[in-house]
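Working notes, structure below.
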Amino acid sequence: MSVPANSEPTDAISTAVSEQEKLSAGKNPEFMESRSIPRLLLQFSTPAVLASLVSVTYNLVARIFVAKRFGMDGVAALTVSFPVVVLFLAIGMMIGTGATIIISIRLGERNNDKAEEALGQALLLSAVTAALFIFFGQLFLDPILRFVGATGDAADPNSVFSLAKSYISVIIWGVFVQHIAYGVNNFLRAEGKPLIAMVSMFLSAIVNIVLGYYFLLVLKTGVWGAGLANVIASAVAASWICYLYFSGKTVLRWRWRYIWRFDWKLTKTIAICGAVPFATQICSAILQTTQNNLLGHYGTLYGAANGYTFDVGDVAIGMMGTVVAVSSVITMVFLGLGQGVQPIVGYNSGADRPDRVLATIKLALKVAVIIGVIAWALLMRYPEEAVKWFLKEDEEGFTAKLELGVIAIRISCLVLPLVAVNILAGGYFQAKGRAMIALMMTLVRQLFCLLPCLVLLTYLFERYWGFGKGLNGCWVAFPIADFVGFVVAVAFLRADFKRLNRLIKERKEKQSAHLSSEAVEGA
């Protein structure tokens, strides 16, 4: 990340710790209204980016451990499990993000009591929805897995279906602690404690990586070992976060009178503010389900056209999981930067400082695009190095699978730097409480563009480019959708920037008039 020369990371971290000590004494994070934007962005985004990278790293490492243990079938099993996991976590992310936005705005308004009310309501909603997910998820797990694209004989322990079921059967029991670990953790950033939020993510990541390695590569467990490591790691992070909020070591506290009292109006507001991540995750689940089925079908045709003896359908699904895992390392940087932007934008929106809001998002966009271009160049130059991590060198068709992975990465990630603008724009509008705009951006890219492109391009490539070519249609759909999403994001940002500039001008005129009035009175 590019920062001004006078903004050293160590200074930012030490200042953050100092501010956290002040906040623990009961003061509001008013420094977000006065400190320089580059310094604030560094202070809030650095821990958020690191936490996001840690989060994606242990998911990446888990896939690598599974790949080294079970080969590409193991990666395919985790990939077909993705829509199920997303379905369980979508509500949790909606609750966590929605409450975070409300908390940021209420803190900006100096209304701590209302912020604590949102905090308590979020915990209640997380517990209720997690219980429902566990009940219905276990009851309908088999048909759900078949629906999302899991193939193979249920009696075969090494089939993609059996491996996926082994993983999800464990993961589903950790839904509640995952809500706390990933959703509620955002509250710490909202009240000006990004470093503590980062620590909780680091704690979870370290536990997950160590246990994942121990279960899969030392004890030689089934894929369920990766799920168990994830649940235990989430429980450790959730326990740490609960301790902070119940012990009074944070600006806000969980208070029983708010936890046990259901407020329909507040719940509705949380749902509206958190609609974007909810819609994003649901769209991801729909897309991944469609994608898994298309990849399975056209991958089989691709294998037949090239005379491969292994099931290319499962390999294609696994390769898409590889693409997602590798690209997530980059997109998580954008997401972390966006998370760092949100409390700054949310607070200054509540404090009526449009000048600081505009300066924050402009700087964040510049930094994100620069990072995106550098990462894209490296990925386009060395894609095979990324794919090799997810293959066993002694598995059947190693060379063919490697070539397929290289093609998938180079095409799918063709316009990766533009994704930075899409992600930051969505987070920016969420932080301002304008969830419908961010929701519209998500729907345009995923449902109105990517989903039709997946279905249409696979059909057209297969029909007009030859037998087995439909698989390439899946890869091509992604850069097209990313570009359309970029155009839409830029249009919304330009409109909002004009509005902010108008508010800034009006604010300056009012200040000038006020100063003139004081000067006249003084004379």
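The values are calculated or read from the model by the stated rules, or taken from the named source; none is laboratory data. Source: prediction; values computed, not measured. Note that we place each Cβ from the backbone using ideal geometry, even for glycine, and neighbour counts take in every protein chain shown. Side chains included, ligands, DNA and RNA excluded: accessible areas come from the protein's heavy atoms. Shrake-Rupley method; radii C 1.70, N 1.55, O 1.52, S 1.80 Å.
The table below lists the values:
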quantity	calculated
Selected residue (only one of Ala16, Ala67 is more than 30 Å from Glu396 (Cβ to Cβ), open to solvent by less than 10 Å² (accessible area, probe 1.4 Å) and either at pLDDT 80 or above or in a helix (DSSP H, G or I) (or both))	Ala16
Any pair with Cβ under 6 angstrom, 6 or more apart, that starts in the stretch 158-176 at a residue that is under 23 Å from Asp311 (Cβ atoms) and ends at one that is open to solvent by 10 Å² or more (accessible area, probe 1.4 Å) and hydrophobic (A, V, I, L, M, F, W, C)	Phe161/Ala154; Ser166/Trp224
Meets criteria (of a type in the set (Asp, Glu), surrounded by fewer than 24 Cβ atoms within 10 Å (Cβ to Cβ) and modelled with pLDDT of 80 or more) for Glu117	yes
Pairs where the first residue, in the stretch 371-385, is over 19 Å from Val421 (Cα atoms) and the second is open to solvent by 40 Å² or more (accessible area, probe 1.4 Å) and in a helix (DSSP H, G or I), C-beta under 7 Å, 6+ apart	Met380/Arg410; Pro383/Arg410
Index of the failed condition, Lys268 passing every other in (1) over 28 Å from Phe70 (Cα atoms); (2) touching a residue at least 60 places away in the same chain (Cβ under 8 Å)	(2)
Enumeration of residues in the stretch 266-282 that are farther than 19 Å from Ile105 by Cβ and of a type in the set (A, V, I, L, M)	Ala279, Ile282
Filtered residues of the stretch 133-153 (kept if part of a loop (DSSP other than H, G, I, E, B) and either open to solvent by less than 60 Å² (accessible area, probe 1.4 Å) or touching a residue at least 24 places away in the same chain (Cβ under 8 Å) (or both))	Val148, Gly149, Ala150, Thr151, Gly152
Given (1) part of a helix (DSSP H, G or I); (2) out of contact with any helix residue (DSSP H, G or I) (no Cβ under 7 Å at 6 or more places or on another chain); (3) not small (Gly, Ala, Ser), number of the condition Arg110 does not satisfy	(1)
Any chance Val207 is part of a helix (DSSP H, G or I), touching a Ser or Thr at 6+ places or on another chain (Cβ under 8 Å) and open to solvent by 10 Å² or more (accessible area, probe 1.4 Å)	no
Enumeration of residues in the stretch 282-298 that are more than 14 Å from the chain's Cα centre (by Cα) and closer than 23 Å to Ala62 by Cβ	Leu287, Gln288, Thr289, Gln291, Asn292, Leu295, Gly296
The stretch 424-441: number of residues that are open to solvent by 20 Å² or more (accessible area, probe 1.4 Å) and farther than 17 Å from Gly96 by Cβ	5
Residues satisfying the stated conditions in the stretch 381-423, i.e. open to solvent by 20 Å² or more (accessible area, probe 1.4 Å) and of a type in the set (Ser, Thr, Tyr)	Tyr382, Thr399
Some residue of the stretch 228-243 being at pLDDT 80 or above, among the hydroxyl-bearing types (Ser, Thr, Tyr), within 19 Å of Gly96 (Cα to Cα) and open to solvent by 40 Å² or more (accessible area, probe 1.4 Å)	yes
Residues of the stretch 211-249 satisfying the condition of being out of contact with any Ser or Thr (no Cβ under 7 Å at 6 or more places or on another chain) and in a loop (DSSP other than H, G, I, E, B)	Leu219, Lys220, Thr221, Gly248
Filtered residues of the stretch 300-327 (kept if open to solvent by 30 Å² or more (accessible area, probe 1.4 Å) and over 20 Å from Ala377 (Cα atoms))	Thr300, Leu301, Tyr302, Ala304, Ala305, Asn306, Gly307, Tyr308, Thr309, Phe310, Asp311
Of all residues in the stretch 280-299 being hydroxyl-bearing (Ser, Thr, Tyr) and either more than 14 Å from Leu457 (Cβ to Cβ) or surrounded by fewer than 22 Cβ atoms within 10 Å (Cβ to Cβ) (or both), the one that is modelled with the lowest pLDDT	Thr280
Candidate set from the stretch 349-367 (those that are among the charged types (D, E, K, R) and under 24 Å from the mean Cα position of the chain (by Cα)); member that is surrounded by the fewest Cβ atoms within 10 Å (Cβ to Cβ)	Lys366
Criterion violated by Asp73 - all others in (1) out of contact with any Asp or Glu (no Cβ under 7 Å at 6 or more places or on another chain); (2) under 27 Å from Leu228 (Cβ atoms) satisfied	(1)
Within the stretch 408-522, helices (runs of 4 or more DSSP H) holding 3 or more residues that are free of Cβ contacts under 8 Å to residues at least 12 places away in the same chain	451-464, 470-522
Qualifying positions in the stretch 449-484 - open to solvent by 50 Å² or more (accessible area, probe 1.4 Å) and within 11 Å of Leu287 (Cα to Cα)	Pro452, Val455
